[in-house]
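S.K.: Okay, handing you the structure first.
The values are calculated or read from the model by the stated rules, or taken from the named source; none is laboratory data. Since the model is a prediction, treat every value here as computed from it, not as a measurement. Positions of Cβ are generated from backbone atoms using ideal geometry, with glycine treated the same way; all protein chains shown enter the neighbour counts.
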Amino acid sequence: MDITIDIDNSVPQFEQLIEQIKAAVKAGVLKAGDALPSIRQLANDLELNSKTVAKAYKLLERDSVIETKGYRGTYVHPRAKANCKINLQEWTLRKLGETVAELREAGVTDSEIRNAFVGAINRQP
Amino acid sequence: MIEAYAFLAAFSMQILVVSMLHPVWFTKFARAKGEAQLPGWDRNFRERFLNLYRAVNIGITVFGLVLLGWLFNHMRSPDWDVGPVTLLLRGYIVVQVLPFVIVSLIGAWVKKNALKRSPPEVKRTVRLQRRGLFDFVSPLTVFLAVVGYFLFAAFVIYIQQHPFPGFSGYRLLRAVTLIYAVNAFGVYWVLYRRKRWPLETSAYRMHAVGVQIKIVFYTSIAVIVFLSLNVTLLLLDMQRWVPFALSVYFVLIMLFTSVMLFALRRQAEADRLGPSPAS
């Protein structure tokens with residue numbers, strides 16, 4: 001399976017990588033257990049910074065689309081196809097939208113929501 | 001006398017393969033690679049350069065034939081001395097290899113300059129496939145190279161217990177260890193180096209990686225076999241066979257390089273005609 005990175009595209013490079021790997025999993029081109037190239041190999045082949053590829057892999061691992069098996073390398077997760085359907089960004093946006101709507105209904109102004117959001121983000125867990 | 005005639009036959013073959021056939025094969029490869037990967041480059045410059053390369057090799061062939069005549073005269077005598085013959089042979093090997101090394105270095109320099117002038121590649125496409133050593137070379141070859149090294153080390157250590165005049169001992173083992181270390185680094189670098197050349201297709205790159213790795217492994221094994229053979233000849237007091245062994249070894253290495261050049265040329269021609277499904 002070929003992967004293409006367009007450096008002129010406004011979409012960040014790590015997101016282009018994530019999208020294409022997810023698309024390949026959804027299409028069945030990448031199957032559960034398939035080996036993926038190492039971060040160094042992919043970064044060198046695409047002439048990208050290895051941190052960019054590492055970030056993409058980290059996010060894919062968080063979404064359980066891929067899994068790292070120590071020194072043996074990175075593989076497609078056994079439930080990758082099902083996990084690809086979950087779009088965390090979309091889900092977060094929907095949840096936040098619902099909360100903002102509730103707060104507006106309660107009479108909270110946008111400025112207060114913004115300040116509260118920054119405060120909540122900066123608060124230590 | 002049989003060793004003298006065997007050497008003269010091997011030396012004639014060496015002149016034919018290294019200075020006559022190899023330059024022709026290399027020129028064809030350089031032309032195909034240039035057309036595929038340096039389409040904008042001045043063809044006249046390339047042709048002039050390649051013609052000069054072939055002319056130099058013709059000169060080296062003539063020199064080799066003169067040398068062959070001298071060796072024939074020298075080795076007709078039953079008490080011919082192996083020292084000067086080996087020395088001349090080594091010198092001639094350097095002379096034969098030098099144009100190939102120089103032309104390869106100039107090729108790399110031309111490519112580097114062209115790369116500096118070319119704009120960065122906007123769309124970068126690669127195959128999402130893990131590369132490993134065994135994708136390019138069989139486990140048996142790797143096993144042979146590794147076992148060969150340890151057997152050679154054991155052989156040298158054993159002979160060191162009963163040394164004989166002319167045996168280099170641990171220096172030989174150190175040299176082989178250095179060659180293996182450089183080769184190991186070379187394999188790693190070839191497998192994971194950055195893709196720098198925009199017009200190099202994925203198929204060509206994978207092909208080149210495979211060829212380079214095979215060259216490294218096969219030459220590692222060949223070095224071990226040749227040195228073991230050389231030490232054995234000295235051990236059996238058959239020093240007069242050393243020039244023959246050296247000449248045959250050199251011809252085999254150059255023939256092997258030529259086979260690799262054929263493979264790369266075919267891929268470069270395929271790339272020029274159109275992208276392959278794998279690229």
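S.K.: Which ones in segment B:122-133 are assigned to a loop (DSSP other than H, G, I, E, B) and more than 7 Å from chain A (Cβ to nearest Cβ)?
M.R.: Once the filter is applied, which keeps residues that are assigned to a loop (DSSP other than H, G, I, E, B) and more than 7 Å from chain A (Cβ to nearest Cβ), segment B:122-133 yields only B:Gly132.
S.K.: Show me the helices (runs of 4 or more DSSP H) found entirely inside segment A:1-92 where at least 1 residues are within 12 Å of chain B (Cβ to nearest Cβ).
M.R.: The helices (runs of 4 or more DSSP H) meeting that bar are A:13-27, A:39-46, A:50-62.
S.K.: A further question follows. Go through segment B:113-137 and count every residue that is surrounded by fewer than 12 Cβ atoms within 10 Å (Cβ to Cβ) and within 29 Å of the chain's Cα centre (by Cα).
M.R.: Matching residues across segment B:113-137 total 3.
S.K.: Quick check on this structure: which one of B:Leu173, B:Leu151, B:Leu140 is part of a helix (DSSP H, G or I) and in contact with a Phe, Trp or Tyr (Cβ under 8 Å, 6 or more places away or on another chain)?
M.R.: B:Leu173
S.K.: Tally the residues that are part of a helix (DSSP H, G or I) and farther than 13 Å from B:Leu261 by Cβ, restricting the search to segment B:19-46.
M.R.: 10
S.K.: Considering only segment A:59-92, state which residues are surrounded by fewer than 15 Cβ atoms within 10 Å (Cβ to Cβ) and within 14 Å of the chain's Cα centre (by Cα).
M.R.: Matches in segment A:59-92: A:Glu61, A:Arg62, A:Lys85, A:Ile86, A:Asn87, A:Leu88, A:Gln89, A:Glu90, A:Trp91, A:Thr92.
S.K.: Right, B:Pro163: of a type outside the set (Ser, Thr, Tyr), surrounded by fewer than 16 Cβ atoms within 10 Å (Cβ to Cβ) and in contact with a Gly (Cβ under 8 Å, 6 or more places away or on another chain) or not?
M.R.: yes
S.K.: A follow-up question, please. Which of the following residues is farther than 21 Å from B:Ser12 by Cα and free of Cβ contacts under 8 Å to residues at least 60 places away in the same chain: B:Leu115, B:Leu98, B:Leu105?
M.R.: Going through B:Leu115, B:Leu98, B:Leu105 in turn, just one is farther than 21 Å from B:Ser12 by Cα and free of Cβ contacts under 8 Å to residues at least 60 places away in the same chain: B:Leu105.
S.K.: Tell me which residues, restricted to segment B:136-171, are free of Cβ contacts under 8 Å to residues at least 24 places away in the same chain and either farther than 18 Å from B:Phe226 by Cβ or in contact with a strand residue (DSSP E or B) (Cβ under 8 Å, 6 or more places away or on another chain) (or both).
M.R.: Scanning segment B:136-171 gives B:Ser138, B:Pro139, B:Leu140, B:Phe143, B:Ile157, B:Tyr158, B:Gln160, B:Gln161, B:His162, B:Pro163, B:Pro165, B:Tyr170.
S.K.: Have a look at B:Thr201, B:Thr141 and point out the one that is among the polar types (S, T, N, Q) and within 14 Å of chain A (Cβ to nearest Cβ).
M.R.: Only one candidate passes the filter, namely B:Thr201.
S.K.: Okay, next question. Check whether at least one residue in segment A:83-103 is under 16 Å from A:Ile18 (Cβ atoms) and either in contact with a His (Cβ under 7 Å, 6 or more places away or on another chain) or basic (Lys, Arg) (or both), and report yes or no.
M.R.: Yes, segment A:83-103 has at least one match.
S.K.: Taking the stated definitions as given, is B:Ser202 at pLDDT below 80, hydroxyl-bearing (Ser, Thr, Tyr) and surrounded by fewer than 17 Cβ atoms within 10 Å (Cβ to Cβ)?
M.R.: For B:Ser202, the condition - at pLDDT below 80, hydroxyl-bearing (Ser, Thr, Tyr) and surrounded by fewer than 17 Cβ atoms within 10 Å (Cβ to Cβ) - is not met.
S.K.: Any residue in segment B:256-267 that's among the β-branched types (Val, Ile, Thr): show its pairings with residues that are part of a helix (DSSP H, G or I) and surrounded by fewer than 18 Cβ atoms within 10 Å (Cβ to Cβ) at Cβ separation under 6 Å, as long as the two are six or more apart or on different chains.
M.R.: Qualifying pairs under 6 Å: none.
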